[in-house]
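What follows is a single structure, written as C-alpha cells, with notes after it.
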Amino acid sequence: MIELIIKKSAKMQASFFLFLSNLIGKYYIHIYNLKQKREGFTMKLKKMLVGMMATLILFSASSSFAQQGDQAEMMKKWQEYMTPGTVHQQFAKMTGNWKAAVTQYMGGQESKSDGSATFEMILGGRYLKSSFKGTVMGMPLEGMGLDAYDNATKEYISIWVDNFGTGVMYMKGKMDEKTKEIVYTGNTVDPMTGKDQPTKTVTKNIDNDHQQMVMYTIQDGKEIKNMQIDYTRVK
C-alpha cells in the first residue's frame with residue numbers, strides 16, 4: 001500500500017513538474033514573442049521617426065531654398081524699382097535754366113508776365129526738382145515742384161507748392177503715346193470754398209530747348225484753360 005502511495009505520489013510529482021515546466025516554457029515563449037513584437041514595434045517606430053526626420057529636413061531645406069529664392073526675387077524687384085530708367089533720363093534733359101513766358105486766362109481776358117525756372121535732378125537722378133520765380137497779377141510768385149516717375153506703377157507724379165497758398169497740389173499722369181504729352185490729373189484747393197478743385201495739366205517737350213505746360217480747371221465736367229507757360233532754355 002505504501003509503495004502504491006509512493007508510486008502515485010511520484011507520478012503526481014512528475015506530472016506536476018511536467019505541468020510546471022510546460023507553464024514556464026510557455027511563459028518564456030510568451031516573453032520572447034512579446035520581446036520580438038516590441039523590438040519589431042521599436043524598429044517600425046525608429047523607421048517612422050527616421051522618415052519623419054528626413055521629411056522635416058527636406059521640408060526645411062526646401063523652405064530655406066524657397067526663402068532664398070523669394071529674397072533673391074525681392075532684391076531683383078527692389079533693384080528694378082530704385083534704378084532710374086529712360087523716363088528719368090528724359091527728365092535729366094530738362095536740367096538747366098529756363099525763361100518762362102506766362103499767360104493767364106481769367107474772365108475771358110489774358111494777362112502776360114515773365115518768369116524764370118531752374119530744373120535739377122536730385123537723389124541720384126531719380127527726381128526732377130524745379131524752382132520758379134515770376135509775377136502773377138503784379139504780385140511776386142515763388143514756387144517749387146517735384147516730378148517723378150514710379151517704376152512700379154508706371155505713373156508720372158507731380159507735386160507743386162508756392163507762396164500763393166499753403167496747400168500742396170498733387171497730381172498723377174500718363175504719357176499720351178500719340179501726342180507725346182504727359183497728361184496729369186489731380187486736385188488743388190479752392191480757397192473760396194475750401195474744397196478740392198479738379199485740375200488737369202498737360203506738359204510737352206517740344207524740343208531740347210522748348211517745352212510747354214498748360215493748366216485747366218474742371219468745372220461741371222468742362223475743362224477751362226487758366227494758364228499756359230512756354231519755356232525757352234537759357235544758353
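Read-outs throughout are calculated quantities, based only on the coordinates presented, and are distinct from any laboratory measurement. Since we're looking at a predicted model, the values are computed, not measured. Please note: Cβ atoms are built from the backbone with ideal geometry, for glycine as well, and neighbour counts cover all protein chains shown.
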(Q) Please compute the modelled spin-label separation between V136 and K174, points set 7 Å along Cα→Cβ, answer in nm with one decimal. (A) 2.9
Q: Could you work out how far the C-alpha centroid of the range 170-235 sits from that of the range 104-157, in angstrom?
A: 10
Q. Mean separation of Cα pairs under 8 Å and 6+ residues apart, divided by the residue count of the range 86-233: what relative contact order is that in percent?
A. 17
Q: Multiply the residue separation of T185 and T83 by 0.36 nm, subtract the distance between their alpha-carbon atoms, and state the gained length in nm to one decimal.
A: 34.2 nm
Q. Which entries in the list K76/K129; K112/K195; K112/K225; K76/K178; K133/K235 go over 25 Å, if you measure between the two C-alpha atoms of each?
A. K76/K129; K112/K195; K76/K178
